[in-house]
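As structure tokens, the structure follows; a few thoughts come after it.
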Ligand SMILES: Nc1ncnc2c1ncn2[C@@H]1O[C@H](COP(=O)(O)OP(=O)(O)O)[C@@H](O)[C@H]1O
Ligand SMILES: [Mg+2]
């Protein structure tokens, strides 16, 4: 166990010793700051509550966090292949599955750390610029007005789960195709076009859309007791989580199979 | 030999897409031995090494390292191996030292002081805290050797390790590998397509051609060559055809490339020289044509179709 933690330590070192990682953090910290300054200079007399600011800024950051996590997931395996370091990595007294697991966990921790950073920064910056309100009247959501802490925490949790689902897909692609470019391209396409594909599929009027990955990436639609991402097919949070769970299991299984056996040429 | 081999290849075969790339290779490397794996480009050296370290599956046959099968008991087998496969590709955005820490963490019981010791061994003290992307190929080779020996492996596998090294670096590596074999009893398996290098570095050499081992032989060292063994000797003499008649069959005299050549031991060479001088020929030089590995290599592979 202690030995496995050292694998994780290695993967973390390879993430945090790269300049790119800190550029990502610079975005997470810089965007809320720039937004606050912009709001204050444009509408100084009618500022939002700190919670409304947090909600708006977090919506922007959530997309970035998903993209950044996908980039790291894509790099996890494919990067070792493109650098050629995979050959030195795999000739150690470890099963390939352990090495893959350490990479997967490091990727999850990276996404979690970015999410925590975004939560903290948007909360602190919002409070610093707009003051703290216990019950914000300007939130769009019923629950958000009554219990902003609970609402935002749940909102972040749902966003994190969606990010993990897409990042797992990227991780699978990375392990199966060993190409970072292809992986990042396809995963970001899913992120950006997911909503559009969901709409197209619902136009077809086939309930099958309920079982695809795309709509369930919008878990936040269940907040405030909503019917979920597809209003014409009311679903429950449990159902969405189950669909995500099945996709997740398939992605992880494919990654494991693809990485575990094939020749490293 | 009475010792058991560190690595044993048993009828190892690799087929990719119906093509046989490695064809029933069997060989053994013993503790304290530097074993050369010599073959032209594309003969299958890297493919064999990839199978030895578990990066590629083995189509049939098996590879045992310290008695453990690389396919069935991978962790037990590989923990005894240090290797560089093809180019020494390391994490370019990490420093040399961070790279060593990374690989040290993956094996049990490697202390910081062991890392420092290895850094000194490969002579990288002054540059070890620089990023690898700023290293020359020669320095990356050294760092590659460093990560391979960190855990004191019983078997060291190096794929064309002299690529990118200057003559001084090659000499240093050669001395280091011989010392490792002699003092720590490490079995060293080195591949190369350069005959001259293998000759200086190795105790035994396997010659690989189109995926098959065509010969395994001990490398003859000058110091070991017996006085009594006949050598091919060239006589630099005027009018070689006439001189040949004087020899009267002594030392299987013959004309090669317009020069007088014989196969004779030391005593016979002296006798031939005396005969020639007595018969009035001026002998300008006597040169032993040492049989290099290259000659042996050509001898073994001669007559086989190319391509
Ligand atoms: N992954 C692969 N797929 C198909 N053929 C390969 C693969 N790897 C190597 N080969 C072929 O196997 C032969 C041996 O290659 P290699 O082991 O790299 O030779 P060497 O290291 O001696 O130069 C070459 O003909 C090469 O084209
Ligand atoms: Mg090669």
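Read-outs throughout are calculated quantities, based only on the coordinates presented, and are distinct from any laboratory measurement. Every value quoted in this text rests on a predicted model; they were computed, and no experiment measured them. With ideal geometry, Cβ positions are generated from the backbone for all residues, glycine too; neighbour counts draw on all protein chains shown.
General observations
- With the simple spin-label model, which puts each label point 7 Å out from Cα in the Cβ direction, the residue A:135 to residue A:12 separation comes to 4.2 nm.
- Inter-site label distance for residue A:257 and residue A:233 at 7 Å from Cα along Cβ, in nm: 2.5 nm
- Each of B:14, A:206 was scored by other Cβ atoms within 10 Å of its Cβ. Listed from fewest to most, they are A:206, B:14.
- Inverse of mean 1/r across different Cα pairs in segment B:139-196, Kirkwood, Å: 11.7 Å
- Rounded tilt (10° steps) of B:112-121 against the dominant C-alpha axis of chain B: 20 degrees
- Bridges between two residues of the protein assembly as shown, per DSSP, are antiparallel at a rate of about 65%.
- Between 0 and 90 degrees, the angle of helix A:50-83 with respect to the longest Cα principal axis of chain A falls at about 10 degrees.
- Distance in nm between pseudo-label sites at residue B:125 and residue A:186 (7 Å out along the Cβ direction from Cα): 5.1 nm
- Between residue A:25 and residue B:117, the C-beta separation translates, for a Förster distance of 56 Å, into a calculated FRET efficiency of about 0.95.
- Based on the Stokes-Einstein relation at 10 °C and a viscosity of 1.306 mPa s, and on the Kirkwood radius from alpha carbon pairs, segment B:225-288 is assigned a translational diffusion coefficient of 139 µm²/s.
- Kirkwood's formula applied to the C-alpha pairs of segment A:116-265 gives a hydrodynamic radius of 17.5 angstrom.
- P(r) for segment A:2-261, from all Cα pairs and a bin width of 5 Å, is 1, 6, 12, 15, 16, 15, 13, 10, 7, 4, 1, 0, 0 %, short bins first.
- Taking the DSSP bridge list for chain B and keeping only pairs wholly inside it, about 65 percent are antiparallel.
- Taking the longest Cα principal axis of chain B as reference, the axis of helix B:96-105 is set at about 70 degrees.
- Peptide B:55-61 - average C-beta neighbours from other chains (10 Å radius): 2
- Counting all C-alpha pairs of segment A:8-102, share separated by more than 23 Å (%): 46 percent
- Going from the fewest other Cβ atoms within 10 Å to the most, the residues B:151, B:193 appear in the order B:193, B:151.
- Calculated SAXS-style log₁₀ I(q)/I(0) at q = 0.09, 0.13, 0.21, 0.22 Å⁻¹ - segment B:133-262, Debye, Cα scatterers: -0.45, -0.73, -1.23, -1.29
- Fewest-first ranking of B:129, B:68, using other Cβ atoms within 10 Å as the exposure measure: B:129, B:68
- Across all Cα pairs in chain B, the calculated P(r) in 20 Å bins from zero up to the longest distance comes to 29, 46, 21, 4 percent per bin.
- Relative contact order %, chain A, counting alpha carbon pairs below 8 Å whose residues are six or more apart: 24 percent
- Distance-filtered residues of segment A:232-265 - backbone nitrogen under 18 Å, label point 7 angstrom along residue B:15 Cα→Cβ: A:263
- Gap separating the Cα centres of segment A:233-265 and segment A:1-29, nearest whole Å: 24 Å
- Under conditions of 20 °C and 1.002 mPa s, the protein assembly as shown yields 75 µm² s⁻¹ as its translational diffusion coefficient, taking Rh as the Kirkwood radius over Cα pairs in the Stokes-Einstein equation.
- GNM flexibility winner over chain A from A:154, A:88, A:237 (Cα, springs under 10 Å): A:88
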